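Just below is one structure, and these are the notes that go with it.
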Amino acid sequence: MAALPRKQSRPDRILSELKKARKKDVNWKDGKVFSLVFYPGEEIYTLLQQAYQLFFSENGLNPSAFPSLRKFETDVVSMVGSLLHAPRSFAGSMTSGGTESILLAVYTAREWAREQRPKITRPEMVVAESAHPAFDKAAHYFGLKVHHIPVKDDFRADVPAMEAAINKNTILLVGSAPQYPQGVVDPIQELGQIALKHKILLHTDACVGGMMLPFVRKLGYHVPDFDFKVPGVTSLSVDIHKYGYAAKGASVVLYRNKALRRKQFFVYTGWTGGIYGSPGVLGTRAGGSIAAAWAVMQYLGEEGYLKINREVMQTVSWLQSEIHALPGIRILGEPHGTVMSIGPDYSGGEAADIYQLGDELAVRGWHLDKQQNPASLHLTVNYAHTASREAFLADLKAALLRTRKWNWHTLSTKMQIALAKGLAGILPASAFARLSRAQGKLGRDVPRRSAAMYGMMGALPREGDLDQLVLDFLDKLYTPEK
Ligand SMILES: *Cc1c(COP(=O)(O)O)cnc(C)c1O
């Protein structure tokens, strides 16, 4: 366990330790990471760093002390609002990320319902199963019940099924533009009609799409309506730190009117430290991420974002047609922008084992998230990939050649043992013992792959077991290494 060093050190020593520590981190500048980082190229990257550094110490908690930050924040909110057809009456806030934006939208809906629908004591919301887990986090924090509705074959929200889940306690519907797993835009227009009919709120989660879809549409690609243009949409979340290419810690939550946003604000006037008010979840807020978001939006403007999105969409179309020509895999659904996923192709020949494919790509240095129901690999195509696409395709082909269909029962014993030891490395002994009992006898030997983890999790007898496993894993992850 680390203790605070007793003696002071030298800055150069600390910096070299920091640099050494990051050697094992994924390298995202070469375009081998498909989520987590959105790299806009060196010029913009440097601008972001400089803008962030200028406001490195400033605090967004008190805008009257920093009118600069107040201006940046209101500008960013207005710029996003104007991209998304916000009416004159709209209002919004900058937040630290998509999760905070969603927490606030759900909290605001609950507060709205407390006033408008006081008879509801157990508020509920209806989401498609593809909606981001931040909605479940919000429901968990703020005491709402969530109905997860299976999506249709095209991975878009099933509107009649969502309507059927509405009852007298429902206060909020959620649609995504696009949903993260397959990158398709939900039928927001139809959800809007349902929301109006039942007099409930509708949130469009445009965290990943809000700074991408407007430009993709302007370039001539088909994008269904999803923003304030759609009657019934009452709030929107948009991450600037994704396709806005800003520094991390920048997102926006928007409401159709000021009265709704007012429900989001928190005030406590009784504190001996003074009257306290704050718009969002955080108290102290990093000035750097607010300034950097403003800087990149000012720098790129519509022209810059169109240029980036033109190149990224060309890469997306190219990847789609190349992947279409490969055996055993396909793009799932018909994505509406630059987010998509690779799944198994069952139409003739042998479908590839997707998790194994992901592992083979990982061995080759590519980071793609594994998804479930259905199994797929996630591609958040961004500017970094316009340069790495050829290399990706070459490795995808190589990985595919090495990938064969398997499941836990058809694996060789040697492979089972190797994979199980991989799990033993990351799970505490008690959890591993439980898993081992479920899976029979296992030995020791460490693989770098995690297909087995998903394979084994899929084989667990009950859903609750999986929750415990993930909790154990998180405990272990945030326990210092010996
Ligand atoms: C990324 C994302 C979120 C959550 O945003 P964070 O910035 O990771 O908190 C929510 N919804 C969608 C669709 C996303 O892609």
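The values are calculated or read from the model by the stated rules, or taken from the named source; none is laboratory data. This structure is a prediction, so every number in the text was calculated from the model and none was measured. Here the Cβ positions follow ideal geometry from the backbone for every residue, glycine too, while neighbour counts run over all protein chains shown. Only protein heavy atoms, including side chains, enter the accessible area calculation; ligands, DNA and RNA are left aside. Shrake-Rupley method; radii C 1.70, N 1.55, O 1.52, S 1.80 Å.
Side notes on the structure shown:
- In region 238-275, the qualifying residues are those that are free of Cβ contacts under 8 Å to residues at least 40 places away in the same chain and part of a strand (DSSP E or B), and the one that is nearest to I171 (Cα to Cα) is F266.
- When we screen Y243, Y268, Y255 for residues that are away from the ligand (no atom under 16 Å from the Cβ), crowded, with 23+ Cβ neighbours inside 10 Å and more than 22 Å from S68 (Cα to Cα), the only hit is Y255.
- Residue check, H367 open to solvent by 40 Å² or more (accessible area, probe 1.4 Å), touching a strand residue (DSSP E or B) at 6+ places or on another chain (Cβ under 7 Å) and modelled with pLDDT under 95: yes
- Sole exception among (1) under 18 Å from K242 (Cα atoms); (2) surrounded by fewer than 21 Cβ atoms within 10 Å (Cβ to Cβ) for I102, by number: (2)
- If you go through region 330-364 and keep only what is of a type in the set (S, T, N, Q) and assigned to a loop (DSSP other than H, G, I, E, B), you end up with T338, S347.
- Region 298-344, subset of a type in the set (G, A, S) and more than 16 Å from the ligand (Cβ to nearest atom), residue surrounded by the fewest Cβ atoms within 10 Å (Cβ to Cβ): A325
- The conditions of being part of a loop (DSSP other than H, G, I, E, B), open to solvent by less than 50 Å² (accessible area, probe 1.4 Å) and touching a helix residue (DSSP H, G or I) at 6+ places or on another chain (Cβ under 7 Å) are not met by G92.
- Qualifying residue in region 71-83 (condition: within 16 Å of the ligand (Cβ to nearest atom), of a type outside the set (S, T, Y) and either closer than 21 Å to R256 by Cα or open to solvent by less than 30 Å² (accessible area, probe 1.4 Å) (or both)): yes
- Residues satisfying the stated conditions in region 31-60, i.e. open to solvent by 70 Å² or more (accessible area, probe 1.4 Å) and either more than 19 Å from M211 (Cβ to Cβ) or free of Cβ contacts under 8 Å to residues at least 12 places away in the same chain (or both): E42, E43, Q49, Q50, Q53, L54, F56, S57
- Selection status of G349, touching a Gly at 6+ places or on another chain (Cβ under 9 Å), over 18 Å from D153 (Cβ atoms) and open to solvent by 30 Å² or more (accessible area, probe 1.4 Å): yes
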